[in-house]
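The values are calculated or read from the model by the stated rules, or taken from the named source; none is laboratory data. Keep in mind that what you see is a predicted model, and the values were worked out from it rather than measured. Note: ideal-geometry Cβ built from the backbone for every residue, glycine included; neighbour counts use all protein chains shown. SASA here: full protein model, heavy atoms, side chains in, ligands and nucleic acids out. Shrake-Rupley method; radii C 1.70, N 1.55, O 1.52, S 1.80 Å.
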Amino acid sequence: MTLFSPTTVGSFTVQNRLSLAPMTRLRADENGVPGDLVAEYYAQRAGIGLLVTEGVFPSAESKAYPGQPGIASAAQAEGWARVASAVHAAGGTVFMQLMHGGRVSHPGITGTPRIVAPSAIAIEGQTRLADGSKVDFPVPHALETAELEAVREEFVAAARRAVDAGIDGVELHAANGYLLHEFLSPASNRREDGYGGSPAERPRFVIEVAQAVAAEVGGERVGIRISPAHNIQDVWEHDADETRATYLALVEGLAPLDLAYLSILHENPADDLPQELRRAFGGTFIANTGFGRVTTRDEAIRTVGDGVADLVAVGRPAIANPDLVERWERGAEENPVDQATVYGPDERGYTDYPTLKADRAA
């Protein structure tokens, strides 16, 4: 087993064990529709075994950033159909990350009267609106028990729209401080209705969302991403025993669904916690170490070669090198990422990075 050998993800055979990490890119139009530029970006990177898109909002209320794409309307689905077609024409496999922003947003971004969360606890700090102005994060509406079904069904409808558009599968974003992750942490979930209060109860909503989405499109088309103890966006998980109990309850609840994969963002995927969660899950495991630091070629090769993970998710190297697999197979020099152009709004720092083939032609 090597980084460059094929493997299966759900019911799909992918050409290597690299995965494109889901990253915020913010190139959709003002209506959340991904255009030809987005299709070009993902098609350029179709040599990566499994592409996972940036976080895509399943409903207007769940939008977290200006320029973020959605999958809540027919027009958005049509845009993603063009993305799927372009990726498949280039020989790739693509999953869409479904991301409900939860309290990481503002009505000035969503265009809705409120933002929602497990509990009425605001994030400290500010977010940026489309006009560039900064505003404080507001106190979110605490979802009532009866409202959870509607949010769950937004994920289900979004997954169906994505698959009907030709996207191969979906990834549930339960990491990095967004809504599903907010349910997992005692810092953001103070509920007393059976969806909070203990490590056994906090994962309940995430499990129910996964169950419903898997029932709609098939477990082989559903992955999930988690980030235990990542401690970002005020979703604090400082108690190691409580964190372990919470995530073990989550993964044990997911295991019977036969999902396509479990993706864990963790600085050391060989540590006890990620490996215990991997064993409890029992399926394909994707490791991602690169949030705080860049994942290197040697690290990715070693992670797969040593059996630490089945696939390795990479972010910044894949942004700057659309032909990353070829470069890593050859041991070729990499383009550096231009951090100033990562978050939009046009082709700069998106589809204009040179390939080895272009360099040779020049």
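So if I restrict to the alpha-carbon atoms in the stretch 49-184, what is the Rg, and what is Dmax, the biggest pairwise distance, in Å?
Just the Cα atoms of the stretch 49-184 yield Rg and Dmax of 15.2, 46 Å.
Restricting to DSSP loop positions (anything but H, G, I, E, B) with no more than 15 other Cβ atoms inside 10 Å of their own Cβ, which trypsin sites (Lys or Arg not before Pro) remain in the stretch 291-356?
Working: sites: 293, 297, 302, 327, 330, 348; in loops: 293, 348.
Qualifying residues, ordered by number: 293, 348.
Between residue 29 and residue 88, what length comes free when the chain is fully extended (0.36 nm per residue of separation minus the Cα-Cα distance, one decimal in nm)? Intermediate values should be presented prior to the final figure.
Numbers: separation 59, 0.36 × 59 = 21.24 nm, distance 2.30 nm.
Answer, rounded to one decimal: 18.9 nm.
Expressed as a rounded percentage, what relative contact order does the chain have, with Cα pairs under 8 Å and six or more residues apart? Can you show the working numbers first?
Working: 825 pairs, mean separation 60.5, N = 362.
Worked out over the chain, it gives 17 percent.
What's the ranking of 240-247, 332-339 by average number of surrounding C-beta atoms within 10 Å, highest first? Don't jump to the answer; show the numbers that get you there.
Values: 240-247: 17.4, 332-339: 14.2.
Order by mean packing, descending: 240-247, 332-339.
Taking the full set of protein chains and a 1.4 angstrom probe, give the accessible area of residue 148 in square angstrom, rounded to the nearest 10.
So the heavy atoms of residue 148 present about 10 Å² to solvent.
In whole Hz, what ³J(HN,Hα) sequence does the stretch 77-92 give by Karplus (6.51, -1.76, 1.60; θ = phi - 60°), x for Gly and Pro?
Rounded to whole hertz, the list is 4, 5, x, 5, 4, 5, 5, 4, 4, 5, 5, 5, 4, 8, x, x.
Kirkwood hydrodynamic radius of the stretch 18-73 from all distinct Cα pairs, in Å? All intermediate terms of the calculation are to be shown ahead of the outcome.
Values: mean 1/r = 0.0856 Å⁻¹.
Computed over the stretch 18-73, the radius equals 11.7 Å.
If eta is 1.306 mPa s and T is 10 °C, what Stokes-Einstein diffusion coefficient results for the stretch 124-269, Kirkwood Rh from Cα pairs, in µm²/s? Could you put the intermediate results ahead of the total?
Values: Rh = 16.1 Å.
Estimated via Stokes-Einstein, D reaches 98 µm²/s.
From the phi of every residue in the stretch 272-283, what ³J(HN,Hα) in whole Hz does the Karplus formula 6.51 cos²θ - 1.76 cosθ + 1.60 yield, where θ is phi - 60° and glycine or proline is x?
Running phi through 6.51 cos²θ - 1.76 cosθ + 1.60 with θ = phi - 60° gives 4, 5, x, 6, 5, 5, 4, 5, 5, 6, x, x Hz.
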